[in-house]
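The values are calculated or read from the model by the stated rules, or taken from the named source; none is laboratory data. What you see is a predicted model; the values in this text were computed from it and never measured. Reconstructed Cβ throughout: ideal geometry from the backbone, glycine too, with neighbour counts over all protein chains shown. Note: accessible area is taken over every heavy atom of the protein model, side chains too, but ligands, DNA and RNA are not part of it. Shrake-Rupley method; radii C 1.70, N 1.55, O 1.52, S 1.80 Å.
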Amino acid sequence: MQEKLIEVKNLTYVYESDDPETKPVTALRDINLDIYKGEFVAVLGHNGCGKSTLAKLCNAIYEPTEGSVTVKGIPSGTEEDGDRIRRIVGMVFQNPDNQIVATIVEDDVAFGPENLGVEPKEIRRRVDEALKSVNMYDLREREPHKLSGGQKQRVAIAGVIAMQTECIIFDEPTAMLDPSGRREVMQAIQRLNKEMGITIVLITHFMDEAVKADRVVVMDKGSIITEATPKEVFSQVDLLRSHGLDVPQSTELCHDLGLGEGVTSTEECVDKICALLGGAK
Amino acid sequence: MISDITFGQYYPAKSVLHKADPRIKLLLTFLMIVFLFVCKNFFSLAVMVFVTVLATVFSGVPFKVILKSIRPVLVILIFTTFLNIFYTKGGTVYFEFWKFSVTEKGINNAVFTVIRIITLVVLSSLLTYTTTPTDLTTGLERLLSPLNLIHIKVHTLAMMMTLALRFIPTLIEETERIMNAQKARGADLETGSLIQRAKALIPIFVPLMVSSFRRAYELAFAMTCRCYTGGEGRTRMKQMKLSARDFVLLALCLIACAGVIVLNIFFEPVI
């Protein structure tokens, strides 16, 4: 792939505490990562590995302690640049309740473009389009607190789409949802990437979600352990396990049965087992 | 239980009043309430009652819902009625009992005040029934925008109001969850003296406060992410435009106000 959208170079980030008693915590250590335009990248790791911190650095909410984050040639650092970066990189957070601003769905979706100073008619068009793209158009006049978790999260996603950012970072968007809500949100995310060509960075600890990405970045204790296609990453079952991470169920099954590595889909797994049993499906 | 409270009590419908400009609605409600207190006799009061009834009919809000809004002031109504009947003296004495006496003036006062309070409540709840909280805050923001000249940040105030409205249901839900969690751990919230029960609320309010701060922090992040930098350079999706409808409403209300003044002059004041 071609154009670099986000360029992270030798990035270190330390949480300084106001309280002199507590030691500063180094959340990220010397990270190098490039996100290309149109890509779907999953960042994998368990709690406290620094993946959320990385996300907040990528859209200039935090400033790097050392190293640099450059978005489309704009280095993060000053407040003004931060604003420019956030027009390119949007973000969806874990808890849908804490990112919905307005008391009506469509007003909330309009919040972003309103902040950008877009023309009222154009906002209306973008809001309708964004709501349709996440299948929430029919509920546009509802109150957010009466929606389900998955629906709220889709409203939050529409809010970012309406800003027409080139890249959206999802910070564990499905962590607080039930399975059906998770499916809805994942479908919406994949559609954004495939149909609208938006660059996606999906931060997650669900292996099944990471499998759907073009590239998987695995993190532990503030460093990147490995980055490759899902197939390659999940071939390294032992490496992942040594860092306390799971692999998708089908991968694990095939690995443990000695049927080969890097199996990421259920179908593939079924084929392998059928082949082993020597029978047809 | 608590989550049944619908805050802002907006009643969705497609009536004339729902479609009217929130700025006009705010202004007119204010004007009508002022004129409710300008009324000096039953004739001028009748004009106001007529306007209120008319507004209720055209609001598309069912009568039952309107009645519900009067319920919270019932105690006040009963209380003022008693005070007025027994403590106002003047005119024909109908009934005397120890130190109390029921007089013509007392009864007049009581009836007048009750009608006035009910009209007041119905008028102001009509505003909230027919206007969404968002429209209400934007309307207020626009109306108060001249205050920007004396460096009062009207936009910030309006944003705070919107966020408060937005988070009321969320916080109610949260309170319920915490209460259940504490009950599950054996917290006793229902029995004991008043002081004991008040103390039992501490383990509910502390987590609620902590989580509210966390929410506020996250919300601030989310708003920054969506390029919120304050009121400057912001546009609005929903533009407010005065239409013929709004001018008709305004004219009707002005006629009513004129009527009140005329009737005040032509008839004896009772209050």
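With a ≥ b ≥ c the root eigenvalues of the C-alpha gyration tensor of the protein assembly as shown, is it rounded (a/c under 1.5), prolate (a/b larger than b/c) or oblate? It comes out prolate by the Cα gyration axes.
Here segment A:1-71 has an Rg and Dmax of 13.3, 47 Å, counting Cα atoms alone.
Dividing the Cα radius of gyration of segment B:21-78 by its Kirkwood radius returns 0.99 for Rg/Rh.
Loop by DSSP (not H, G, I, E, B), at most 16 other beta-carbon atoms within 10 Å: where is the longest site-free stretch of chain B for GluC sites (Glu not before Pro)? Value returned for the longest uninterrupted segment is B:1-189. So for segment B:86-145, Kirkwood radius off the Cα pairs, Stokes-Einstein at 20 °C and 1.002 mPa s: how many µm² s⁻¹? Value of D from the Cα-based Kirkwood radius: 147 µm²/s. Mean-square fluctuations from a GNM of chain A, with a 10 angstrom spring cutoff on Cα atoms, peak among A:Pro144, A:Pro179, A:Pro24 at A:Pro24.
Over segment A:235-281, the ratio between the Cα radius of gyration and 2.2 N^0.38 Å evaluates to 1.18. Under the criterion of Cα pairs below 8 Å and six or more residues apart, the relative contact order for segment A:134-210 equals 34 percent. Determine the shape class of segment B:15-126: with a ≥ b ≥ c the square roots of the Cα gyration tensor eigenvalues, call it rounded for a/c under 1.5, and otherwise prolate if a/b is greater than b/c, oblate otherwise. It comes out prolate by the Cα gyration axes.
Any idea what the dipole of the protein assembly as shown comes to, in debye rounded to 20, about its Cα centre with Lys/Arg Cβ at +1 and Asp/Glu Cβ at -1? It comes to approximately 2540 debye. Pairs with C-alpha atoms separated by more than 28 Å, drawn from the list B:Lys19/B:Lys40; A:Lys4/A:Lys272; A:Lys121/B:Lys14; A:Lys132/A:Lys272; A:Lys121/A:Lys212, are B:Lys19/B:Lys40; A:Lys4/A:Lys272; A:Lys132/A:Lys272; A:Lys121/A:Lys212. The dipole here belongs to segment A:133-198: it is taken about the Cα centre, uses +1 on the Cβ of Lys and Arg and -1 on the Cβ of Asp and Glu, and is about 140 debye. Here segment A:103-168 is treated as a sphere whose radius is the Kirkwood value from Cα pairs; by Stokes-Einstein at 10 °C and 1.306 mPa s it diffuses with a coefficient of 139 µm²/s. With the Kirkwood sum run over all distinct C-alpha pairs, segment A:4-244 has a hydrodynamic radius of 18.4 Å. Compute the FRET efficiency between B:Arg71 and B:Ala13 as 1/(1 + (r/R0)^6), taking r as their Cβ-Cβ distance and R0 = 22 Å, and round to the nearest 0.05. Calculated value: 0.55. Once the C-beta distance of B:Arg214 and A:Thr65 is scaled by a Förster radius of 22 Å, the resulting FRET efficiency is 0.40 to the nearest 0.05. Seen through its C-alpha gyration tensor, with square-root eigenvalues sorted a ≥ b ≥ c, segment B:7-266 comes out oblate because a/c lies at 1.5 or above while a/b is not bigger than b/c. Using just its DSSP H runs of length 4 or more, each adding -39500 (n - 2.57), the protein assembly as shown gives a mean residue ellipticity at 222 nm of -17000 deg cm²/dmol after division by all residues. Summing Cβ point charges (Lys, Arg +1; Asp, Glu -1) relative to the Cα centre of chain B gives a dipole of roughly 460 debye. Structure remark: mean-square fluctuation, Gaussian network model of chain B, C-alpha springs under 10 Å; the largest value among B:Met48, B:Met209, B:Met240 belongs to B:Met209.
Per-residue surface analysis assigns A:Lys221 an accessible area of about 150 Å², computed on protein heavy atoms at 1.4 Å probe radius. Figure note: B:Lys199, A:Lys212 ranked by solvent-accessible area, largest first, 1.4 Å probe, ligands and nucleic acids not counted: B:Lys199, A:Lys212. Taking every residue in A:108-120 and counting other chain Cβ atoms within 10 Å of its Cβ, the average works out to 5.
Among A:Val118, A:Val25, A:Val105, the residue with the largest mean-square fluctuation in a Gaussian network model of chain A, with springs joining Cα atoms closer than 10 Å, is A:Val25. Extension gain, A:Asp30 to A:Arg142: 0.36 nm times the residue separation minus the Cα-Cα distance gives 35.8 nm. Write out the GluC sites (Glu not before Pro) in segment A:221-281 meeting two conditions: DSSP loop, and at most 16 other Cβ atoms within 10 Å of their Cβ. Answer by residue number: A:Glu261. Loop exposure criterion: chymotrypsin sites (Phe, Trp or Tyr not before Pro), DSSP state outside H, G, I, E and B, at most 16 other Cβ atoms within 10 Å. Applied to chain B, the longest stretch between such sites is B:99-266.
Using alpha carbon centroids, what distance separates segment A:149-173 and segment B:19-93, in Å? That distance is 46 Å. Measuring nothing but protein heavy atoms, the accessible surface of the protein assembly as shown at 1.4 Å probe radius is 61 percent carbon and sulfur.
For the chain pair A and B, buried accessible area totals roughly 3200 Å², probe 1.4 Å, rounded to the nearest 100.
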